[in-house]
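K.L.:
Have a look at this one before I ask anything.
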Amino acid sequence: MQVYGLIGNPVGHSVSPPMHEAAYEELGIDARYVTFEPSPESLGVALDGASALGVRGLNVTIPFKEDVLPLVDPDPLAERIGAVNTIDFEGEPTGHNTDAAGVTRAFEHHDVSLSGTGVVVGAGGAGRAAAFALADEGVDVRIANRTVSRAEGLAEEVPNASAHGLDGLDALLDGADLLVNATSVGMEADETPVPQSALHADLAVLDAVYKPLETRLLRDAADVGATTIDGAWMLLYQGVEAFEHWTDRDAPVAVMNNALRASL
Ligand code: NAP
């Protein structure tokens, strides 16, 4: 039996175990997906232990995505993003970032063309993954963040990107094709980082927030006729990408999607 898992703190309510185990069952793979919650001080020991015990792969979540980077051999994308969310223990442990594919594959699933101008709101982990993912597809990326200096730092690293605050979003979204909310706004309260006046019918809007699934941003976007994509699609496709990396097989996407949504 192969062992996969998720390492983070806390990981108690993660939907990754049912999502991955549904895929193993569908494809007849003898594997389990379990959660691990080490203290920050024991992260390195935990990864060495996982490697020694023959764990095949781990996803990584808050607060360890950045801390894992120096402990594995990161691929170029993970290195540019500065965060690892997937570790492959075959041979020397390598680090990957599938949040980026989570963004692009969520748009592609909804037949949204990855071109034109994209506005990424947020410059934390999810914002970094979204900005690099879209820029690598040739999208002109505009990064808007509450802390403007953080947007500026990211825009210096991302090809053809510009940096902005949150107060100019009406102008920024005028003529834009894609919008990603990569802030945590919308999770705790029924709030949105983007005024409805800035939204329009030609936008495809991806909200990284997946609890709740229907955020105020997505309701506002649907009201103006925009294409809306909830955060479970990004969560699904980061998992699909990790599954395909580890197993070298096509993921049963619909099965994983059903299991994920049933667990949210
Ligand atoms: P993070 O690194 O802590 O970044 C948080 C971001 O939110 C920063 O840009 C921060 O701005 C902004 N922010 C926080 N509170 C704000 C407020 N009141 N007003 C405006 N901006 C605010 O977090 P993260 O890991 O990027 O996660 C961000 C969100 O994406 C979370 O909801 C997370 O659950 C979600 N996410 C979803 C997926 C998925 O697969 N669907 C994957 C990863 C993350 P400052 O820089 O100014 O602090």
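The values are calculated or read from the model by the stated rules, or taken from the named source; none is laboratory data. Since we're looking at a predicted model, the values are computed, not measured. Here the Cβ positions follow ideal geometry from the backbone for every residue, glycine too, while neighbour counts run over all protein chains shown. These area figures cover heavy atoms from the full protein model, side chains too; ligands, DNA and RNA do not enter into them. Shrake-Rupley method; radii C 1.70, N 1.55, O 1.52, S 1.80 Å.
K.L.:
Would you check the accessible area of SER39, probe 1.4 Å, heavy atoms only, in square angstrom rounded to 10?
P.N.:
40
K.L.:
Mind ranking ILE62, ILE229 by accessible surface for me, highest first, 1.4 Å probe?
P.N.:
Order by accessible area, largest first: ILE62, ILE229.
K.L.:
Next question, about the same structure. Tell me, what HN-Hα J-couplings in whole Hz come from the Karplus equation 6.51 cos²θ - 1.76 cosθ + 1.60 at θ = phi - 60° for each residue of the range 52-57, using x for Gly and Pro?
P.N.:
Values, residue by residue: 5, 7, x, 4, 7, x Hz.
K.L.:
Give the carbon-plus-sulfur fraction of the accessible surface of the range 101-229 in %, rounded to a whole number; probe 1.4 Å, heavy atoms of protein chains only.
P.N.:
On the range 101-229, the fraction of accessible area on carbon and sulfur atoms equals 42 percent.
K.L.:
At a 10 angstrom cut-off on C-beta neighbours, averaged per residue, how do the peptides 135-147, 93-105, 192-204 rank from highest to lowest?
P.N.:
Order by mean packing, descending: 93-105, 135-147, 192-204.
K.L.:
Calculate, for the chain, the solvent-accessible area per residue in square angstrom, rolling a 1.4 angstrom probe over the heavy atoms of the protein chains.
P.N.:
43
K.L.:
Still on this structure: Going by amide H atoms built from the backbone, whose H comes under 5 Å of the H on ALA31, apart from near neighbours?
P.N.:
Residues meeting the criterion, in which the H sits 1.01 Å from N, are GLN2.
K.L.:
Can you pull out the GluC sites (Glu not before Pro) in the range 31-131 that DSSP calls coil and that have at most 10 other Cβ atoms within 10 Å?
P.N.:
GLU90
K.L.:
Per the Cauchy relation, a quarter of the hull surface: what is the mean projected area of the convex hull of the alpha carbons in the chain, in nm²?
P.N.:
Averaged projected area of the chain's Cα convex hull equals 13.2 nm².
K.L.:
If you don't mind, there's one more thing I want to ask. Based on alpha-carbon centroids, what's the gap between the range 47-63 and the range 188-264 in Å, whole number please?
P.N.:
27
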